[in-house]
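I have placed the structure first, in the form of structure tokens, so that the comments after it can refer back to it.
The values are calculated or read from the model by the stated rules, or taken from the named source; none is laboratory data. A quick note: this is a predicted structure, and the numbers were derived from the prediction, not measured. Don't worry about glycine lacking a Cβ; one is built from the backbone with ideal geometry, like all the others, and counts go over all protein chains shown.
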Amino acid sequence: MLETICDIMTDAYKRNWITSRDGNVSIRHHDRDHFYITPSGVRKQTLQPDQFKKIKINKSIHSGWGTADFLYAWEEMPYSDISSALRPSGEIPLHFGLQKEMGQHKDDVRVVVHVHPTYCVAAMHAGIDLSTIVNSFPELSRYTRVAPNVGDVPPISQELADKCFEKLQLDRDGNVFYDIVGIKGHGVVAIDTSPWRAYEHIERLEHICKIVLASGNYK
Ligand SMILES: [Zn+2]
């Protein structure tokens, strides 16, 4: 599936959903305690499977005052010679938080895709909460659950990750209530069981945002 991720990033680049070095994707198989994430700073239109970073998920029990909780940490694992010279995407706090427990995808694969689709970002810039346009477009709401927007947060920050978790309604078992969330002035994050399925949430929302903006009927 790493090749498929390369395909979707090439496609995202062709659609102007990212400039060359933007965007990031992670993928985890349910029976493995590691995930793969795109490297930082590489050109996504020439992304290769052996450039991915392999990230181990370390989970330990933390006992407090009568409570037991889990502590999570990540570390890089050896993968390929090319990969060893690269760093993981700066958005790793976002991906790690969504991959450390797999929630409703626990018997499957989880893919997290982050890109900057033009009309989704334009709609948020125009003051539209992406979750509010769902009701007028059944072809969107039928297949894609859209979370309320995340407001202005710095890129590649823990704050961005935490706000996305909050809006997606991520719980401690890794369940997420929504399929996609928009980050104002920035982009979107979509989650599903394959690269193309996650991509389709973005495509569907992008298409509706384009229609809403073309109509001018959104104030
Ligand atoms: Zn971004």
Would you point out which residue out of L47, L98 is touching a Gly at 6+ places or on another chain (Cβ under 9 Å) and buried (at least 18 other Cβ atoms within 10 Å of the Cβ)? L98
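Residues are listed down the side, and each one gets a yes or a no for (1) without any contact (Cβ under 8 Å) to a residue 60 or more places away in the chain; (2) away from the ligand (no atom under 16 Å from the Cβ):
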| site | (1), (2) |
| --- | --- |
| T4 | no, yes |
| N24 | no, no |
| H34 | yes, yes |
| I37 | yes, no |
| T46 | yes, yes |
| K54 | yes, yes |
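How about segment 15-58: which of its residues are of a type outside the set (A, V, I, L, M, F, W, C) and assigned to a strand (DSSP E or B)?
N24, S26, R28, H29, H34, Y36, P39, K53, K54, K56, N58
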Can you find, within segment 154-204, the residue that is farthest from the ligand (Cβ to nearest atom) among those that are outside any helix (DSSP H, G or I), touching a helix residue (DSSP H, G or I) at 6+ places or on another chain (Cβ under 7 Å) and hydroxyl-bearing (S, T, Y)? T193
Within segment 107-117, is even one residue part of a helix (DSSP H, G or I), in contact (Cβ under 8 Å) with a residue 12 or more places away in the chain, under 22 Å from the mean Cα position of the chain (by Cα) and away from the ligand (no atom under 16 Å from the Cβ)? no
With the requirement that a residue be touching a helix residue (DSSP H, G or I) at 6+ places or on another chain (Cβ under 7 Å), within 11 Å of F52 (Cα to Cα) and either free of Cβ contacts under 8 Å to residues at least 24 places away in the same chain or assigned to a helix (DSSP H, G or I) (or both), what does segment 70-104 give you? I82, S83
Considering (1) farther than 30 Å from E206 by Cα; (2) at pLDDT below 95; (3) under 18 Å from the mean Cα position of the chain (by Cα), say which one I57 fails and leave the rest. (2)
Scanning segment 132-150 for residues that are outside any helix (DSSP H, G or I) and over 16 Å from the mean Cα position of the chain (by Cα), which turns out nearest to the ligand (Cβ to nearest atom)? I133
